[in-house]
1. List every residue pair whose Cβ atoms sit under 7 Å apart, with the two residues 6 or more apart in sequence or on different chains, where the first one lies in segment 169-188 and is over 21 Å from Arg221 (Cβ atoms) and the second, anywhere, is in a loop (DSSP other than H, G, I, E, B) and not β-branched (Val, Ile, Thr).
2. Filter segment 223-250 down to the residues that are farther than 20 Å from Asp163 by Cα, in a helix (DSSP H, G or I) and open to solvent by 50 Å² or more (accessible area, probe 1.4 Å) and list them by number.
3. Limited to segment 106-140, what total is found for residues that are over 18 Å from Gln244 (Cα atoms), open to solvent by 40 Å² or more (accessible area, probe 1.4 Å) and in a helix (DSSP H, G or I)?
4. Go through segment 1-26 and give me each residue that's more than 17 Å from Lys62 (Cβ to Cβ) and either more than 28 Å from the chain's Cα centre (by Cα) or β-branched (Val, Ile, Thr) (or both).
5. Residues to consider are Arg167, Arg102, Arg147; find the one that is in contact with a His (Cβ under 9 Å, 6 or more places away or on another chain) and either at pLDDT 95 or above or open to solvent by 20 Å² or more (accessible area, probe 1.4 Å) (or both).
6. For segment 6-59, give me each residue that is touching a Ser or Thr at 6+ places or on another chain (Cβ under 7 Å) and open to solvent by 40 Å² or more (accessible area, probe 1.4 Å).
7. Give just the number: which of (1) more than 20 Å from Ile64 (Cβ to Cβ); (2) open to solvent by less than 70 Å² (accessible area, probe 1.4 Å); (3) modelled with pLDDT of 95 or more does Met162 not satisfy?
8. Go through segment 189-201 and count every residue that is within 14 Å of Ala238 (Cα to Cα) and either touching a residue at least 60 places away in the same chain (Cβ under 8 Å) or open to solvent by less than 10 Å² (accessible area, probe 1.4 Å) (or both).
Amino acid sequence: MKYELEKTAAALAAAPQDPKCWYDQGMALAEADRFEECLEAFTRGLCYSPFDPDLRLQHGRKHITLDQYTQAVADLTLACRIKPQHWENWYYCGVACYMDGRYALAMQMEEQCLKTMQENGVEEIPAAACWYWQSAMKAGKQEDAARILDAYIYEGVPCSNMDYTKRCYLYKGILKPEDFEDLDALRESLKDEDRPDLYFITLLHGLATYCHYNGREEQSRKVLRVIYEMPNWHECFAYKQTLQDMKERGML
């Protein structure tokens, strides 16, 4: 759904205490990359409806965008309690936990997300599996990381996010690092996608992560540098992860 600022602002002016109007205004501001104003709009909406699941989810997501991870975990944990059947609540709570360095909790959230996806026929399994795998590896739980791939990932698994699918294929061995290492070819393969630079960054972070855990640290660092020098999509998860990884390894 496309949100237009002029329309959402007009609706809000007519009904300033309507939480749905604040939600729509927040979504319009998000589409304009005005993230701090967007968060404020969701905050105002929650004043009128503090247990609205959509407002609570988006409020938490924008805390992630603004690198406010502890606040995001608080919001998204509540969202999970309010609407446990909605997979996105568990998914983004897992992301927030990971970014906050709470890897064991991230694993719990993403595993619940996977179960919720299966129960509701949601074809986004690789996205949650990828975050679980990364969290498990950060936590030093390699057996759990392998278990989740064995349980959920197979060639042809349905998912609209091909970047997460390919990352899971790489981690499981369905794809090889050589399939990613020619960066010019990788870029070319993404040229017809709707967000080619975002997918490029996400796939590269998958390659850097794989190399880091498979004894190819020099290559991992080179790939992280390529991501770091990308001029756009600095608000995306993979770029934020890159900054965290580089700081952990003394690269920044």
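1. Correct list of pairs: Tyr169/Leu175; Ile174/Glu155.
2. Lys247, Glu248
3. Here is the first cut: in segment 106-140, the ones over 18 Å from Gln244 (Cα atoms) are 107-129.
Narrowing the set further to residues that are open to solvent by 40 Å² or more (accessible area, probe 1.4 Å) leaves 108, 111-112, 115, 118-121, 123.
From what is left, the residues that are in a helix (DSSP H, G or I) are 108, 111-112, 115, 118-120.
Matching residues across segment 106-140 total 7.
4. Answer for segment 1-26, where residues must be more than 17 Å from Lys62 (Cβ to Cβ) and either more than 28 Å from the chain's Cα centre (by Cα) or β-branched (Val, Ile, Thr) (or both): Glu6, Lys7, Ala9, Ala10, Ala11, Leu12, Ala13, Ala14, Ala15, Pro16, Gln17, Asp18.
5. Working: Arg102 fails: in contact with a His (Cβ under 9 Å, 6 or more places away or on another chain); Arg147 fails: in contact with a His (Cβ under 9 Å, 6 or more places away or on another chain).
That would be Arg167, the only listed residue that is in contact with a His (Cβ under 9 Å, 6 or more places away or on another chain) and either at pLDDT 95 or above or open to solvent by 20 Å² or more (accessible area, probe 1.4 Å) (or both).
6. Within segment 6-59, just Phe35 meets the criteria.
7. If we test Met162 against (1) more than 20 Å from Ile64 (Cβ to Cβ); (2) open to solvent by less than 70 Å² (accessible area, probe 1.4 Å); (3) modelled with pLDDT of 95 or more, just (3) comes out false.
8. Count: 2.
The values are calculated or read from the model by the stated rules, or taken from the named source; none is laboratory data. Every value quoted in this text rests on a predicted model; they were computed, and no experiment measured them. Every residue, glycine as well, gets a Cβ built from its backbone with ideal geometry; the counts of neighbours run over all protein chains shown. Note: areas computed on protein heavy atoms with side chains; ligands, DNA, RNA excluded. Shrake-Rupley method; radii C 1.70, N 1.55, O 1.52, S 1.80 Å.
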